[in-house]
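A.B. asks: Just passing along the structure, written as structure tokens.
None of the figures in this text is laboratory data; all of them are computed from the coordinates on show. Nothing here was measured: the structure is a model prediction, and the numbers come from that model. Note that we place each Cβ from the backbone using ideal geometry, even for glycine, and neighbour counts take in every protein chain shown.
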Amino acid sequence: MNPTEATRLKESEPAATITDRSLAAWEIVSVVSSVLIAEWILSASAGRSKLIVAIPMTLAFVLIIYSHVLRGETARQLGLRLDNFLPALRLLLLPMMVISGIALLIGFLSGARLDFFRWHADRLIVFQLALGFGWGFLQQYVLQSFMNRRAQTIWGQGAVSVLVTAAIFSVLHFPNPWLMVITFVGGVVWAFVYQRQPNLLALALSHGVMTWVLVSALPPSALNHLRIGLKYFG
Amino acid sequence: MNSKARARLIHLLISKSIIEALLIGGVAVAFFFATTNPYFRGVLDAADQTSVTGWAVDESRPYTRVEVQLFIDDSFAATTAADQFRPDVHEARRAEDDWHGFVFTTPRLAAGKHEARVYAVHSNSSGARKTLQLIGKPYRFSVE
């Protein structure tokens, strides 16, 4: 074996033993572990400056973006597009109305006061919605453009990958019980819609609006200020 | 995905895991030093139905007085400073001066067996977190 062949063989060795599905599973576990490290270890041990929390999150985003590049995924494939915005929104509209109706009913039955300023009491509603859209976009990007797509690499398009994506989203909101239920339901809807009409803008809009409606309608004690991880207990 | 891209992704995944493991290790070490003072020394000498006595020293700051807390049967009972006259501790070269003793008045207890524990209070550098470290060994005593 000449040196060139040996180098080529050495480079291809680790890749040859790991299938595409295993690699996708490893990627999912890696990003989930980064979020859990941030939620459960670093945010609790960090001082006033939460900069340390940015380390695993940055690593996760580096992995996600590099993975897109290496897999040759385009912005359009990931859902950064406008052509299917309205079809995606149409798919989201009915579940959003149903969930909003249920949330309003639960809020009414539990005696909670409907307060559209509860999320950020000192800010304009426009700011609340903009913040919700931005935060929702980030979450939907990681959840759908990465998790959902990798889940589809493993299990293909359909119920299993939708449920796995929703379960991951729910687990990341542990130990907030009501938020886990809500994120699982929302995760199923969003993952289902993404598999049919991959559009991150529509999903981000839905995410922002639903968060605002749920926080406004449900009793504050139920959502515990949307706290997750170790912060839930603080 | 071709094998070269796959190999790169694997290397990135491994590198990311190593960095995160080092980060968690660093946080664990920092957490240990923020919540633990390895220089606390002391003994719970005696406990009975009238008092609980002993001494406590912070060897890293030998002239300061350690704050100590008494727990009886796992319940908080009292807090005080270890600033009582104990020349024997100084003579034994366990402290730099004579004032590191503590004396608690035992609260009223039901008849039977009890256990006293004394903890030194450790504050982190910012004072935002306080942790307790057991001084000496738990002391079992009876009340008639």
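A.B. asks: Which net charge results when you count Lys and Arg as +1 and Asp and Glu as -1 among the other residues whose beta-carbon is under 15 Å from that of residue A:162?
C.D. replies: Neighbour charge sum, excluding residue A:162 itself: +3.
A.B. asks: Could I ask something else about it? Taking Cα atoms, how many degrees apart are the long axis of helix A:200-217 and the longest axis of chain A, rounded to 10 and kept between 0 and 90?
C.D. replies: Result, in degrees: 30.
A.B. asks: Would you mind giving the three semi-axes, in whole Å and largest first, of the ellipsoid equivalent to chain B according to its Cα gyration tensor?
C.D. replies: Computed over chain B, the values are 46, 20, 11 Å.
A.B. asks: Now, a different point. Write down the Å³ per residue value for the convex hull defined by the alpha carbon atoms of segment B:76-144.
C.D. replies: Expressed per residue, the convex hull around the Cα atoms of segment B:76-144 is 122 Å³.
A.B. asks: Next up: For the residues A:97, A:147, A:180, what sequence is obtained by ranking on other C-beta atoms within 10 Å, fewest first?
C.D. replies: With the sparsest Cβ surroundings first, the list reads A:97, A:180, A:147.
A.B. asks: Given axes a ≥ b ≥ c from the Cα gyration tensor, I'd like to know whether segment B:1-69 is rounded (a/c under 1.5), prolate (a/b larger than b/c) or oblate.
C.D. replies: In terms of gyration-tensor shape, prolate.
A.B. asks: Return a whole-number percent for the relative contact order of chain A, with Cα pairs under 8 Å and 6 or more residues apart as the contact set.
C.D. replies: Value for chain A: 31 percent.
A.B. asks: If eta is 1.567 mPa s and T is 4 °C, what Stokes-Einstein diffusion coefficient results for the protein assembly as shown, Kirkwood Rh from Cα pairs, in µm²/s?
C.D. replies: Stokes-Einstein gives a translational diffusion coefficient of 51 µm²/s.
A.B. asks: Something else: For a footprinting-style exposure proxy, rank B:132, A:92 by other Cβ within 10 Å, fewest first.
C.D. replies: By the 10 Å Cβ count, ascending: B:132, A:92.
A.B. asks: Setting aside same-chain residues fewer than 8 positions from residue B:130, which aspartates and glutamates have a Cα under 13 Å from its Cα?
C.D. replies: B:67
A.B. asks: Where does the Debye-calculated log10 I(q)/I(0) of segment A:86-234 sit at q = 0.10, 0.11, 0.13, 0.17 Å⁻¹, using only Cα point scatterers of equal weight, no solvent?
C.D. replies: Cα-only, vacuum Debye calculation for segment A:86-234: -0.34, -0.41, -0.57, -0.98.
A.B. asks: Oh, and also: Out of residues 5 or more away from residue B:51 or on other chains, whose amide H comes under 5 Å of its own, with H placed 1.01 Å from N in the peptide plane?
C.D. replies: Long-range HN contacts for residue B:51: B:106.
A.B. asks: Right, here's the next one. Taking Cα atoms, how many degrees apart are the long axis of helix A:20-37 and the longest axis of chain A, rounded to 10 and kept between 0 and 90?
C.D. replies: For A:20-37 against chain A, the angle is about 50 degrees.
A.B. asks: For segment A:33-80, build the convex hull from the C-alpha positions and give me its volume per residue in Å³.
C.D. replies: Dividing the Cα hull volume of segment A:33-80 by its residues yields 80 Å³.
A.B. asks: Taking each residue in A:31-42, count the Cβ atoms of any other chain within 10 Å of its Cβ, then average. What number comes out?
C.D. replies: The per-residue average across the peptide is 2.
A.B. asks: Here's another thing I want to ask about it. With angles folded into 0 to 90 degrees, how steeply does helix B:3-35 sit against the dominant principal axis of chain B? Use alpha carbons for both and round to 10.
C.D. replies: Taking Cα atoms only, the helix is inclined about 10 degrees.
A.B. asks: Which of the lysines could a cross-linker span from residue A:50 if the Cα-Cα distance has to be under 18 Å and same-chain partners fewer than 8 positions apart are dropped?
C.D. replies: Residue A:50 reaches A:231.
A.B. asks: Using only the alpha carbon atoms of segment A:88-140, find the Kirkwood hydrodynamic radius as the inverse mean reciprocal pair distance, in angstroms to one decimal.
C.D. replies: About 13.0 Å, per the Kirkwood formula over Cα pairs.
A.B. asks: While we're here: Taking the Cα centre of each part, how many Å lie between segment A:123-139 and segment A:44-107?
C.D. replies: Cα centroid of segment A:123-139 versus Cα centroid of segment A:44-107: 12 Å apart.
A.B. asks: Still on this structure: For segment B:26-105, what's the radius of gyration and Dmax over Cα atoms, in angstrom?
C.D. replies: Spelled out, the Cα radius of gyration and Dmax of segment B:26-105 are 14.0, 46 Å.
A.B. asks: Arranged by the count of other C-beta atoms within 10 angstrom, fewest first, what order do A:126, A:98 take?
C.D. replies: A:126, A:98
A.B. asks: Something else about it: Starting from the Cα gyration tensor of segment A:18-124, take the square roots of the eigenvalues, sort them a ≥ b ≥ c, and report rounded, prolate or oblate (rounded when a/c is under 1.5, otherwise prolate if a/b is larger than b/c, else oblate).
C.D. replies: In terms of gyration-tensor shape, oblate.
A.B. asks: Now for a separate question. What is the distance in Å between the Cα centroid of segment B:1-26 and that of segment A:169-205?
C.D. replies: Their Cα centres are 27 Å away from one another.
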